[in-house]
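See below for the structure under consideration.
The values are calculated or read from the model by the stated rules, or taken from the named source; none is laboratory data. Just so it is clear, the structure is predicted and the values come from calculations on it, not from any experiment. Counting neighbours? That spans all protein chains shown, and the Cβs are built from the backbone with ideal geometry, glycine included.
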Amino acid sequence: MVSFSRPPIHTIQGPHRSIPVFTDPGIVSNIDHRVVKSFAEEWKAFHHFTDEETEHISRHYFDILKDLLRGDMHVIDIGCGSGRWSKWISGRVASVTAVDPGESILAADELLAPVSNVQLAMVGADDMPFADHTFDLALSVGVLHHVPDTLRAMTECVRVVKPGGLFYIYLYYDLGNRGVTYRVLFRIADALRRIISRLPRVPRHAVCTSIALLVYYPVARGGELMRRAGATRLADRMPLCFYQEQTFYVMRNDALDRFGTSLEQRFSRDEVRNMMEAAGLRDITFSDGMPWWHAVGRKPGENT
Ligand SMILES: C[S@@+](CC[C@H](N)C(=O)[O-])C[C@H]1O[C@@H](n2cnc3c(N)ncnc32)[C@H](O)[C@@H]1O
């Protein structure tokens, strides 16, 4: 395990471990505390990912990363949420440090109970208690579009990567590669998000489950039927086509993720590339597959 560069402010007791807390909510930094709280509520409700489910989704998320993983790597999962990707990667690398600034870390402790090469910490992306050049790989999966200043957070993530090490990111795309109808539907969905994300927890979760049932499920299953009938290109262009292969549990979770979150930013592929370069990364590889955009870059220097 890697060591922390400063002592924690205090510790909290998770279901299985004592977790060091480094986040000081009194200090305003590059973090949206409302977003962090809503995710803690989300991961409290959704933390029963089976290994099969995670493995299935990982084929999309980590298509460009899986062949770069090595058994001697020390990895940090920044904004780990439920801990599903920390768990997935823990069997492929030497150690994983899973960090999240909110009480999501308690859900991660639950999911990661059987995993021995993982340590947890409650801390955000921009005040991480690690020396420069600590990790062989930093992951940030669906996190940095929920912070006020994405580039600043990305730069801090890259700071803790060793020269020659890797940084993997998934950020929401800006729909630049979609047609007009799709974009209009998105505008409507986005207006709904702004309203739904302000609701208290119980109605927010209920509305999002209804959206999963009444919109995600029929649209995704309709697309799946088209695909089976051979209309693959049409199925690929359907809204929510990512969910054609996903379970209803994943749809419910993602509907809450999508509509329950007050701050989200979206980026073009060029914007993601520019930010990665500005954060000091080179050899940047994007996946053409969904979810858009996910990319991996290397920090220049000696190979680790
Ligand atoms: C959409 S969830 C993604 C969780 C996980 N990476 C996954 O893909 O399952 C976003 C997570 O980012 C965390 N987060 C929000 N602001 C953050 C920040 N400034 N630094 C690190 N994590 C943050 C939230 O608490 C939440 O758990």
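At-a-glance table
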{"read-out": "Residue among ARG187, ARG194, ARG198 that alone is among the basic types (Lys, Arg), exposed (fewer than 15 other Cβ atoms within 10 Å of the Cβ), without any contact (Cβ under 8 Å) to a residue 60 or more places away in the chain and away from the ligand (no atom under 15 Å from the Cβ)", "value": "ARG187"}
{"read-out": "Single condition ILE19 does not satisfy, out of (1) more than 16 Å from the ligand (Cβ to nearest atom); (2) modelled with pLDDT of 95 or more", "value": "(1)"}
{"read-out": "Complete set of residues in segment 52-86 that are within 14 Å of the ligand (Cβ to nearest atom), more than 25 Å from PHE286 (Cβ to Cβ) and touching a strand residue (DSSP E or B) at 6+ places or on another chain (Cβ under 8 Å)", "value": "GLY83"}
{"read-out": "Inter-residue pairs, beta-carbon under 7 Å, first within 9 Å of the ligand (Cβ to nearest atom) and in segment 26-51, second modelled with pLDDT of 90 or more and basic (Lys, Arg), 6+ apart", "value": "ASN30/ARG152; PHE49/ARG84"}
{"read-out": "Some residue of segment 261-268 being in a helix (DSSP H, G or I) and either of a type in the set (Phe, Trp, Tyr) or at negative phi (or both)", "value": "no"}
{"read-out": "Hits in segment 280-304 - residues which are touching a Lys or Arg at 6+ places or on another chain (Cβ under 9 Å), modelled with pLDDT of 95 or more and within 22 Å of VAL35 (Cβ to Cβ)", "value": "TRP293"}
{"read-out": "Where ALA131 falls short, out of the listed (1) touching a residue at least 60 places away in the same chain (Cβ under 8 Å); (2) more than 11 Å from the ligand (Cβ to nearest atom); (3) crowded, with 16+ Cβ neighbours inside 10 Å; (4) closer than 21 Å to PRO8 by Cβ", "value": "(3)"}
